[in-house]
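The values are calculated or read from the model by the stated rules, or taken from the named source; none is laboratory data. Keep in mind that this is a model prediction, so the values were computed, not measured. Neighbour counts run over all protein chains shown; Cβ positions are idealised from the backbone, glycine included.
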Amino acid sequence: MFPKPVLSAMLALGLFACMAGCVTKSEFPCFNTKETEAPGNSVPLLAPWKTVALNADYAGMWFVAGDVDGDGAPEIVTAKNFNQDDVHYTSSVAVQKQDGSTLWTWGDPKIGRKELHHDVACQIQDWDSDGRNEVVVATKGALVELDGQTGAERLRIPIQEDATDSITFCNISGDARAETALVKDRYHNIWAYIRDGKLLWTVKDPGGFKTAHQPRPMDIDGDGIDEVFAGYAMLNADGSVRWVVQSAAVKNSFGHLDCARMMTPGGAPEKTRIALTFCGGNNLAVIDGNGRVVWEISGHHFESVELGRIIPDKPAPQLLVDIDHQPYGNSPIWVVGNDGRVFGQLVTNYSRQHRLVDWDGDGLDEFVVGGDHSLYNHAGKRVATFDVPDGSPIPHVGDMDGDGRKDILFNTGNAVYIFRNDKGAKSPTPVPLGTGANVTLY
């Protein structure tokens, strides 16, 4: 039996909190499936649209995609990172066209590792708002902006030597562009820099607790200015603490925040909904924009959350969340409703990295599981396997051909495999070329 979710702190305030009931194996009403064996012949094997063999010296398993040279097609940007005692920095970058040719490289290919254990501080961003993307990295002691066309260093801002855990761009000035870069160490300090090198603010142990893996910008009050979810604390645009999440299930001193996703931008904090996972606290929660817990489920090491519409005839958004720190072959992934009801469970060999995409045009999101490079439908049934070498490739989704649909990408460390989505429903809002801003593994 799975542990019973605990009551939220809102009950103590006399407010309604919608809680999931005690979840047992028989109480996944939509599906409870296990896919740990090789798929049979009835499951189609999909061939990649393009295979990009990665630069053997400079490339790594961290990757993002975007149009960096202005030709209208996204490039693949991969990076390696040097690590010592869990302090790491970006050590090399390779930018490649979709035909496999190398556009440019940067850094020292003789150091660093290809493998991933966390985010790597390498993002694509039009930081100077000139209409052309740059590649921005945090390397040892510096925040570096690289020209998207040539890889030449355009900017080098001195930063703390260990402020290289991740990079996040946000709009904290209200001028409708993400002009501020947040860098951090692991897991205590965050620094906010604008492009001229000015340090706007720094915060240590926000709200008295550790930082998240990636500070998450989100406008929780609809004023056009980002707040920053820094860990268990939400920061105002000036870096001051706005509020701290107080779970009734776990103490904030247990671990750190893994993931934060804006579920519903309400335009007012009390109507806003944010999904959270607590690393070390074994908790999944949804809170409002004032930090009050609406519902929570405790007892499992929930990691990453994707938001979409998976189960038909159920309100959206729905949460796709993995349960990590499980033995190989027993790795669950859950679909949870926006009211905390658990709809379904799929168990694969390794479910840690996952993405959502409408693959067949029915208006529902299928989910991609990186560990078995397979696609699953709303019933937890494997409907396709992507022809990618075995292992645990990292999946991303992004528009790679400019047709307004999100395609599927896998990085094995040796190659990036692109699977073109030619049937999925097009988004009603513009889809950025490539993987978009502020890519994270969490």
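Beta carbons closer than 7 Å, at least 6 apart along the sequence or on distinct chains, pair a first residue in segment 232-250 that is in a strand (DSSP E or B) with a second that is among the acidic types (Asp, Glu) for Met234/Glu227; Leu235/Glu227; Arg242/Glu227. Per the conditions (1) in contact with a Cys (Cβ under 8 Å, 6 or more places away or on another chain); (2) not in a strand (DSSP E or B), the sole criterion not satisfied by Gly344 is (2). Of all the residues in segment 64-95, those that are more than 20 Å from the chain's Cα centre (by Cα), farther than 22 Å from Arg156 by Cβ and buried (at least 24 other Cβ atoms within 10 Å of the Cβ) number 0.
Matching residues to (1) surrounded by 14 or more Cβ atoms within 10 Å (Cβ to Cβ); (2) of a type outside the set (A, V, I, L, M); (3) in contact (Cβ under 8 Å) with a residue 24 or more places away in the chain:
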{"position": "Glu35", "(1), (2), (3)": "yes, yes, yes"}
{"position": "Pro39", "(1), (2), (3)": "yes, yes, yes"}
{"position": "Val43", "(1), (2), (3)": "yes, no, yes"}
{"position": "Pro48", "(1), (2), (3)": "yes, yes, yes"}
{"position": "Ala53", "(1), (2), (3)": "no, no, yes"}
{"position": "Ala56", "(1), (2), (3)": "no, no, no"}
{"position": "Trp62", "(1), (2), (3)": "yes, yes, yes"}
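Reported count of residues in segment 145-182, each being buried (at least 22 other Cβ atoms within 10 Å of the Cβ), at pLDDT 95 or above and under 22 Å from the mean Cα position of the chain (by Cα), is 10.
For segment 211-236, give me each residue that is surrounded by fewer than 22 Cβ atoms within 10 Å (Cβ to Cβ) and of a type outside the set (S, T, N, Q).
Those that are surrounded by fewer than 22 Cβ atoms within 10 Å (Cβ to Cβ) and of a type outside the set (S, T, N, Q): Met218, Asp219, Asp221, Gly222, Asp223, Gly224, Ile225.
Here Tyr193 fulfils each of the conditions (1) within 22 Å of Arg242 (Cβ to Cβ); (2) touching a Gly at 6+ places or on another chain (Cβ under 8 Å); (3) at pLDDT 95 or above apart from (2). The set of residues in segment 389-437 being modelled with pLDDT of 95 or more, closer than 17 Å to Leu116 by Cα and either β-branched (Val, Ile, Thr) or within 18 Å of the chain's Cα centre (by Cα) (or both) consists of Pro393, Ile394, Pro395, His396, Leu409, Phe410, Asn411, Thr412, Val416.
From the list Gly289, Gly308, the one residue that fits, being modelled with pLDDT of 95 or more and surrounded by 24 or more Cβ atoms within 10 Å (Cβ to Cβ), is Gly289.
Can you find a residue that is touching a Cys at 6+ places or on another chain (Cβ under 6 Å), part of a strand (DSSP E or B) and either among the aliphatic types (A, V, I, L, M) or over 21 Å from Ile76 (Cα atoms) (or both) anywhere in segment 191-212? There is no residue in segment 191-212 that is touching a Cys at 6+ places or on another chain (Cβ under 6 Å), part of a strand (DSSP E or B) and either among the aliphatic types (A, V, I, L, M) or over 21 Å from Ile76 (Cα atoms) (or both).
Among the residues here, His354 does not qualify as surrounded by 21 or more Cβ atoms within 10 Å (Cβ to Cβ), within 23 Å of Asp313 (Cβ to Cβ) and in contact with a Cys (Cβ under 8 Å, 6 or more places away or on another chain).
Of the residues making up segment 119-137, those that are without any contact (Cβ under 8 Å) to a residue 60 or more places away in the chain and under 20 Å from the mean Cα position of the chain (by Cα) number 3.
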